[in-house]
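*Asks:* Mind looking over this structure? Questions follow.
No value in this document is a laboratory result; all are computed from the given coordinates. In this text the structure is predicted, and so the values were computed from the model without any measurement. For neighbour counting, all protein chains shown are included, and Cβ atoms are generated from backbone atoms with ideal geometry for every residue, glycine included.
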Amino acid sequence: MATRKRTPRQDSFLATHGESIIRDAQRELKSPARRLFGQRLLTVGGMALLSGSGLTDDKAVNAALRRISSFNDDVQALLFDPNKLAPTYPESMITRPFPFNAFYDIDDVPEIDVATYRLQVTGLVRGKRTWTLDELRALPQESQITRLVCVEGWSAIGHWGGVRFSEFLRRAGADTSAKYVSLHCADYSYWTSIDMPTALHAQTLLTLTYDGAVLPPKYGFPMRLRVPTKLGFKNPKHIVAIEITNRYPGGYWENQGYNWFSGS
Ligand SMILES: Nc1nc2c(c(=O)[nH]1)N[C@H]1C(S)=C(S)[C@@H](COP(=O)(O)O)O[C@H]1N2
Ligand SMILES: [Mo]
């Protein structure tokens with residue numbers, strides 16, 4: 001596997017936190033059962049993402065995953081590459097209708113009251129700690145047509161709009177030298193977490209719209225995070241709290257054995 005170039009920000013992040021993040025993940029992957037589970041899932045679902053990294057067949061993916069277990073430098077480069085952009089697509093390629101997926105049925109999608117909704121920002125942050133939906137909508141907006149890849153073996157191209165997450169974190173006064181961003185949802189305690197370079201990735205989007213309209217409940221109203229460099233389960237819907245932390249936060253699926261990195 002080729003080692004790719006890192007940016008100076010990447011280098012300084014790895015110099016500060018690289019080892020401890022690897023230790024956190026190593027603890028998580030200690031159990032061989034969990035490791036195998038993660039490997040199987042990533043082989044099925046992560047192909048579309050991994051193929052962009054030069055990992056084009058099962059053998060290469062499995063070899064990479066074996067290296068993930070031993071956490072060598074190549075894998076660090078693979079996992080923490082903030083230069084790699086997820087592919088984008090023309091409008092004509094949008095999947096219609098875009099699938100709904102959650103760990104419950106569509107009838108159980110939570111209803112969120114806009115009037116009382118507040119996004120909490122907690123942990124390593126100086127400044128504003130609660131945001132209304134109107135305040136989020138007043139921030140600069142961008143949009144992207146990218147592919148969401150689910151570990152269950154499907155993918156779909158969708159059109160999301162919202163605030164670049166790095167821009168939001170900056171305005172929220174987040175300590176961007178921290179290791180992790182943890183995202184907590186309104187639906188039955190779903191949560192997930194990402195490393196800071198992924199949070200600051202140019203395509204990581206605090207999403208408020210789908211296909212030009214207010215994000216519908218099924219796709220995560222009032223707000224979801226779109227992380228096109230990561231698998232679907234790391235794209236949390238109905239976010240109510242964001243925590244900036246140096247403590248490994250895990251996640252709903254991650255704690256059941258899905259590979260924490262799950263992407264590029
Ligand atoms: N809050 C919350 N976010 C979630 C989930 C969930 O069950 N709850 N499921 C995840 C999974 S596994 C996938 S594939 C995508 C599906 O997003 P979609 O419904 O917009 O297709 O959302 C992810 N985010
Ligand atoms: Mo998924």
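*Asks:* Report the local net charge at Arg118: Lys and Arg +1, Asp and Glu -1, summed over other residues whose C-beta lies under 12 Å from its C-beta.
*Replies:* Result for the neighbourhood of Arg118: -1.
*Asks:* In the stretch 91-256, how many lysine pairs have Cα atoms under 19 Å apart, counting only pairs 8 or more places apart or on different chains?
*Replies:* 4
*Asks:* I would also like to ask the following. Output ³J(HN,Hα) for the stretch 90-99: one whole-Hz value per residue in order, computed from phi by the Karplus curve 6.51 cos²θ - 1.76 cosθ + 1.60 with θ = phi - 60°, and x for Gly and Pro.
*Replies:* x, 4, 5, 9, 4, 7, 10, x, 6, x
*Asks:* While we're here: For Val240, enumerate residues with amide H under 5 Å from its amide H, sequence gap 5+ or separate chain, H modeled in the peptide plane.
*Replies:* Residues meeting the amide H criterion: His184, Cys185, Ala186.
*Asks:* Here is a further query. Could you compute the net charge surrounding Pro216? Neighbours are other residues with a C-beta less than 13 Å from the C-beta of Pro216; K and R count +1, D and E count -1.
*Replies:* It works out to a net charge of +1.
*Asks:* In whole Hz and in residue order, list the ³J(HN,Hα) couplings for the stretch 134-140 that follow from phi through the Karplus curve 6.51 cos²θ - 1.76 cosθ + 1.60, θ = phi - 60°; x for Gly and Pro.
*Replies:* Values per residue, Gly and Pro as x: 4, 5, 5, 5, 7, 6, x Hz.
*Asks:* Round to the nearest 0.05 the FRET efficiency obtained for Phe100 and Arg170 when R0 = 35 Å and r is the Cβ-Cβ distance.
*Replies:* 0.65
*Asks:* Using the Cβ atoms and a cut-off under 15 Å, what net charge is assigned to the surroundings of Thr146, where Lys and Arg are +1 and Asp and Glu are -1?
*Replies:* That works out to +4.
*Asks:* If each Cα of the stretch 92-201 is one equal point scatterer, what is log10 of I(q)/I(0) from the Debye formula at q = 0.19, 0.20, 0.24 Å⁻¹?
*Replies:* -1.35, -1.44, -1.48
*Asks:* I would also like to ask the following. Using per-residue counts of other Cβ atoms within 10 Å, averaged over each peptide, order 129-140, 100-111 from highest down.
*Replies:* The peptides rank, most packed first, as 129-140, 100-111.
*Asks:* Could you tell me how many cubic angstrom of Cα convex hull volume the stretch 144-212 has per residue?
*Replies:* Hull volume normalised by residue count: 115 Å³.
*Asks:* Calculate, axis by axis, the spread of Cα positions in the stretch 113-264 along the three principal axes, and write the results as whole Å, longest axis first.
*Replies:* If we take the Cα atoms of the stretch 113-264, the spans are 39, 36, 29 Å.
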